Amino acid sequence: MHRYGEGFSMKFSTVIFSYWRHSIQRQLIAGFALAALALLLSIGYLMLQQQRDFLLHSTDDHTISLAHALAISGTPWAMSHDLVGLQKILQGFIKTPDLQRAYFLNSHGEVLASTNQNEIGLFVSDQVSLGMLKLTTKDATILVSQSNLIDVANPVIYKGRILGWARVEMSRDTANANLAELSKAWLAFVLIALLSVSLVALLLARRLTHGLNYLMRVAAEVEHGRDELRLDDGREDEIGTLARHLDRMLNSLERQKALLRSILDSAPDLIFIKDTKGVYLGCNKEMSRLLGRSERELIGKTDYDLFDAASAYKHFTHDREVLKSGKTMHYEEQLSYPDGRKTLVDTLKTPFQTQHGTVLGIIGICRDISERKKAEEKIHNLAFYDTLTKLPNRRLLLDRLKQVRMSSQRSGRFAALMFIDLDNFKPLNDTHGHDVGDLLLIEVAQRISSCVRQSDTVSRFGGDEFIVMLNELTVDKESSLLQAGVVAEKIRSTLASPYHLSVAAKDRTAPESVEHHCTSSIGVVLFIDHEAAHDDLIKWADMAMYQAKEAGRNRVHFFEEPN
């Protein structure tokens, strides 16, 4: 039961504190009311105490005066021991308000006369009365003073000798009644004053909180996107000053926001911001263009609302990794625009956090690298491929030759290098010009490529010279020689077929077709885990090619190492 009482008390205190804390208006009203109540109660208590003391003293003085008057009036009758006269004197005071009892006593404590006739002739025996009889004072004495009763004794004196006592007992009913009425009136005044103060506090609080509520409403609308709203409503008080200060702050923030927005939208990169749950918080125009949505439509969405499931999962996985590691992630990916255009981007994702280190989300920047990749590819092609035939050039050939030799060393399989030279190329150039010669070289490159495997290499070595490299033949030399011979013969036969080249006429009419017959001489060298240098292998193939020319051209010749 005790614990239940404590729990209820704590819950009640929490409710009261919450009610007080969550409203300035309630705080003002309650504060004014409590302060006024405390002040009024304090003043009322002091005034009621003063009034009570005054009424009690008035009752004391009245009782003492009455006892003194009885003593003076009864002195002659006491001297003559005229009890009837004393009784008549008491009858004259019997209608005195609040009088409880009045009587005369002789010096021995015998009741000589009394408003209560049943007491006449009796002797007092209570301690207060016995103590009174021993008094020698000639002034009135308060024997009993209580909240509802006062008892006063005044000596009856003649020539300095105490003949007896005049004693008066009076109730304080009138004084207490007056005090009670005064208390009621004061309580009514306190309630009226408290209500008045509360009403004034309510009016002041409403005026104060009306301005604050207006500020809160406008601030909430600004928070939800109505950036054009401002707080100043023309008030000249402190709230109006606060509103103007806040407006200046909003204007400053708006300028900073506009500057930041201008910077973001001016950037050619795709920029976006997400929270820790992957929800988009904002983006720039380029990102909106990619997604086909405005920033307002994007905010609150996740990748699963914008991309297909596979792409969304990939983005989500990258985001999780960035948040978990707290480090920047950098990778390339391909993105698609709503119009179907695809672009290759270099994506950078990094976490952003508060100054205290709390991670708030991810900033992503995607830079279009399509043109850069094309430029890199172009540079790569210029460096490693022949610009006319698009075949690997000498540099790429040497690199692949190195790889083939290493592969041959590991696998134990032979490889072959073929050096091809056209037998009848120069007359075509001299007769029809270099443009036609170039057409022939392009056709030759295509024919040679059609005769070999995808894994083999066809290279333009220079002019009308081509090199073919066959890799991964067999571990048997004779079998490898046979395979290489078959391919070489296929190339020779293919190149020997007539060429029909389209040549533009000088008078700009329809193109003319030029038929040309061109054969080739092919030198072949077989190698495996060879210690000879690259240049030696090419030189040996070249030597074999010249032997083929000396033997009558349009033939294949294998290089034979001297014994």
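Data overview
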read-out: Helix 534-550 axis, angle to the chain major axis (alpha carbon atoms, nearest 10°); value: 30 degrees
read-out: Two-site FRET efficiency, Ser370 against Arg410, from Cβ-Cβ distance with R₀ of 30 Å, rounded to 0.05; value: 0.20
read-out: Two-site FRET efficiency, Arg206 against Asn118, from Cβ-Cβ distance with R₀ of 60 Å, rounded to 0.05; value: 0.25
read-out: Sequence of Ser114, Ser520 once ranked by neighbouring C-beta atoms within 10 Å, starting from the fewest; value: Ser114, Ser520
read-out: Charge dipole magnitude, Cβ of K and R +1, D and E -1 - the stretch 1-229, Cα centre, debye nearest 20; value: 240 debye
read-out: Using alpha-carbon coordinates, inclination of helix 238-266 to the longest axis of the chain, degrees; value: 10 degrees
read-out: Cα centre as origin, Lys/Arg/Asp/Glu Cβ charges: the stretch 278-396 dipole, Debye; value: 320 debye
read-out: Phi-based couplings in Hz for the stretch 45-53 (Karplus 6.51, -1.76, 1.60; Gly and Pro marked x); value: 5, 5, 5, 5, 5, 5, 5, 4, 4
read-out: Ellipticity estimate at 222 nm from DSSP helix runs (n ≥ 4, -39,500 (n - 2.57)) divided over the chain, nearest 500; value: -18000 deg cm²/dmol
read-out: Charge dipole of the chain about the Cα centre (unit charges at C-beta), most positive-ward option of Leu55, Asn554, Ala193; value: Leu55
read-out: Other-chain or far-sequence residues with amide H under 5 Å of Phe559's (modelled H); value: Val524, Val525, Leu526
read-out: Selected from Asn393, Gly121, Asn424, residue furthest toward positive end of dipole (the chain; charges at beta carbon); value: Gly121
read-out: Total charge dipole magnitude, the chain, about the Cα centre, Cβ charges on Lys, Arg, Asp, Glu only, Debye to nearest 20; value: 1760 debye
read-out: Nearest-0.05 FRET efficiency for Gln454 and Arg553, computed from C-beta distance (R0 30 Å); value: 0.50
read-out: Label zone at Gln51 (point 7 Å along Cα-to-Cβ), backbone N below 20 Å, the stretch 150-185; value: 172-185
read-out: 0 to 90° range, to nearest 10: angle between helix 173-223 axis and the chain longest Cα axis; value: 10 degrees
read-out: Charge dipole of the stretch 385-558 about the Cα centre (unit charges at C-beta), most positive-ward option of Val404, Leu440, Gly523; value: Val404
read-out: Residues His432, His557, His517 arranged by fewest to most Cβ contacts within 10 Å; value: His517, His432, His557
read-out: Entries of Lys373/Lys490; Lys327/Lys378; Lys257/Lys324 with Cα pairs more than 32 Å apart; value: Lys373/Lys490; Lys327/Lys378
read-out: For Thr474, residues with placed amide H under 5 Å, excluding near neighbours; value: Phe414, Ser480
read-out: Whole-angstrom gap from the stretch 415-465 to the stretch 19-95, using each part's C-alpha centre; value: 137 Å
read-out: 11 Å reach of a label modelled at Leu135, 7 Å along Cα-to-Cβ, counting backbone N of the stretch 43-66; value: 64
read-out: Order of Phe104, Phe558 under a 10 Å beta carbon neighbour criterion, fewest first; value: Phe558, Phe104
read-out: Relative contact order [Cα under 8 Å, 6+ residues apart], the chain, whole percent; value: 8 percent
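Just so you know, all these numbers are worked out from the coordinates, no wet-lab data involved. Because the structure is predicted, anything quoted here is derived from the model rather than measured. Positions of Cβ are generated from backbone atoms using ideal geometry, with glycine treated the same way; all protein chains shown enter the neighbour counts.
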